[in-house]
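So the structure is just underneath, and the comments pick up after that.
Where a number appears in this text, it was derived from the coordinates with a stated rule and is not lab data. Here the structure is a predicted model, which means the values were calculated and not measured. Using ideal geometry, Cβ is built from the backbone for each residue, glycine included, and neighbour counts are taken over all protein chains shown.
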Amino acid sequence: MDRRRFLQLSALTAGGALLSACGSEAKPEQQPQAAATPSGSITVWSWAGPAAMMKELVPGFTKQFPGVKVDVQDIGNPAIWDKITTGMAAGGQGLGDVLHIGVDYLPAYIEKFPGGLADLTTLGADKHKAKFAQGMWETVSRDGKVYALPWEANSAGFYYRADMFEKAGVDVEAIQTWDEMIEAGIKLKEKTGIQLLAINKAATQADSANLFQFLMQLQDAFYFDMQGNVTIDSPAGVTAMTLIKKMNDAGIVADGAGGWNTMISSIKKGSVAVQPMPTWFGGIIAESAPDQKGKWKVRLPPAVTPGGKAAAIVNSTHLAVAGTSKNQATAFAFAEYVLTRPDSQVHIYKGKGIAPALMAAYDDPIFHQPSEYFSGQKMGEIFLGSLKQPSYVTNYSADYGRALKLVDDAQSKVLLQGADPATALREAADQLGNQTGRKVVR
C-alpha cells in the first residue's frame, strides 16, 4: 500500500497531541547559510515506493556532486508522520535533512512549528515556481515563504468497469453530472445487480468521507477556506452530502466497512462498478485484479453541477528541508535533482507510477502510450488534461484531522440515521469552530 495517499488517523491522533501540546515549544536552531556547492552528507526520509525510486537516483546525483553522501531511509507510511511530528516537537532534533511530506500534514508542520521547515526561497526555490501544475506552488508556500517543492499531483479520477456498464446499456463517457451518474447507477443495479460504488458508512476508517471531500474539491471548495475559516457546511458541502444521500437512498451504495481491504476485495470480486479515486489508483487496480485487463476504463469525474468542473488536484506530496538540517544546501540540491528534472520524474513514473507535478515531465512518450490494462486508453493524457486546468488551492490547515473526524461522523448520521445533510454538516462545522476557535463561514 505504498501508493496510498489518504490520511491515516492513527498517525494524526498520536501526533495531534504533540502538535497541540508542544507546537509553541519548538525552537529550531538558526538556519545555516547556503553553501555554494553541495557537499557533505544528508539523510532523506520517505516510504516504500518513493524511497526506492529516490535510492535509484542517488548515483546520478553523487556523480554530479562527487563526495556527497545520500542516505535514503524508508521510514514507512504512516510511521513517518509520527516520527516527523516527534522530531518537530523536540525542536527539530533527530530529523532527516530531506522530508517527504503529504499535503494533509504540511500545513500542520508550518503552523505549529515555526522554523521547523526551512524557507527554500533562501536556497533559490522561486526559480522553479512556474514549472509545476497550476495551484501546486500555492500549496507549498505561505506568506512569501516556500516550505517544499511539489512532487506528485494526483488528479480526481473516475475508474469504472466498462463491461458492466455496457451490459446495462449505459454510455459512461456521455454522462456529464453526478445526478446523471446516479440514474446510470440505478439502471446498472436493475440490469446487473451490481452497485455503483462503496462507502464506509459507519466510518470505521479515517478516510471514510473521501467521496464527500472529492465532490467538494470538484466545486472548488474544502473544509477550510484560504483564511482558515471553517466551510464544511458551505453550499458546496451541502450539495456534496446531498448527492451522497441520494445515492444511498437509491440503494446503489455498498457498505465499505473494513476500509482498504474491503475496497480491494470489491475490485477483485466485481461487487461495485466505480472507484472515484485519484490518478495513482490505476496501478492499484491493475495489481489487484490482473485478470480484469481490458474491462476497466478511466475518465475525469462527472461535474457536480451542470457545466461545472470535472477536474481537480485532490492530493499531493512534497519534499521539504528540515529547519535544523546542518546541510540545507545539499538537501535542497537533492530535492531539486529529484523533482525539477524531467528525467528524474519520468524514471520515477516508470518505476512506481507516481504522477509528477512537474509539467515538463509529460513531454515524455511514456505519458502518451496506450494502456493495455485500461482498454488502450492513454491515461497520461487524460490526467494531463486535468493538470493543465486552473486548480483550486486546498487549505488543509493544522486542524484537518479534527475536521476529518467530524465530517466522517456527519456522513454516518446521514447514511445510517437518515439525517438531513445540511443539519449534520452545520453541527459538524459548529463543533469544529468550537474546538479550534476558527470562524465558521456560511
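The candidate values were (i) 17; (ii) 41; (iii) 31; the one computed from these coordinates for percent of Cα pairs over 40 Å apart carries the label (i). Fully extending the segment from residue 422 to residue 434 would add 2.5 nm, taking 0.36 nm per residue of separation and subtracting the current Cα-Cα distance. The stretch 58-126 and the stretch 214-288 have Cα centres separated by 30 Å.
The ellipsoid equivalent to the alpha-carbon distribution of the stretch 55-150 has semi-axes of 22, 20, 13 angstrom, derived from the gyration tensor eigenvalues as √(5λ) and listed largest first. Neighbours of residue 295, meaning other residues whose beta-carbon lies under 14 angstrom from its beta-carbon, give a summed charge of +2 when Lys and Arg score +1 and Asp and Glu score -1. For residue 315, the amide hydrogen comes within under 5 Å of the amide hydrogens of 154, counting only partners 5 or more places away or on other chains and with H modelled in the peptide plane. By the rule of a C-alpha distance below 18 Å, with chain neighbours fewer than 8 residues away ignored, the lysines paired with residue 112 are 27, 83, 145.
Placing pseudo-labels 7 Å out from each Cα toward the beta carbon at residue 261 and residue 127 gives an inter-label distance of 5.1 nm. With viscosity 0.890 mPa s and temperature 25 °C, the Kirkwood radius over alpha carbon pairs of the stretch 285-393 converts through Stokes-Einstein to a diffusion coefficient of 151 µm²/s. Each of 241, 263, 54 was scored by other Cβ atoms within 10 Å of its Cβ. Arranged with the fewest first, they read 263, 54, 241. Taking every DSSP bridge with both residues inside the chain, close to 65 percent are antiparallel.
Here the extension length gained between residue 378 and residue 39 equals 117.9 nm, from 0.36 nm per residue of separation less the Cα-Cα distance. Scanning residues 5 or more positions from residue 41 or on other chains, those with amide H under 5 Å from its amide H are 69, with H placed 1.01 Å from N in the peptide plane.
Each Lys and Arg Cβ is given +1 and each Asp and Glu Cβ -1; about its Cα centre, the chain then shows a dipole of about 300 debye. From least to most packed, judged by other beta carbons within 10 angstrom and beginning with the fewest, 368, 128 follow the order 368, 128.
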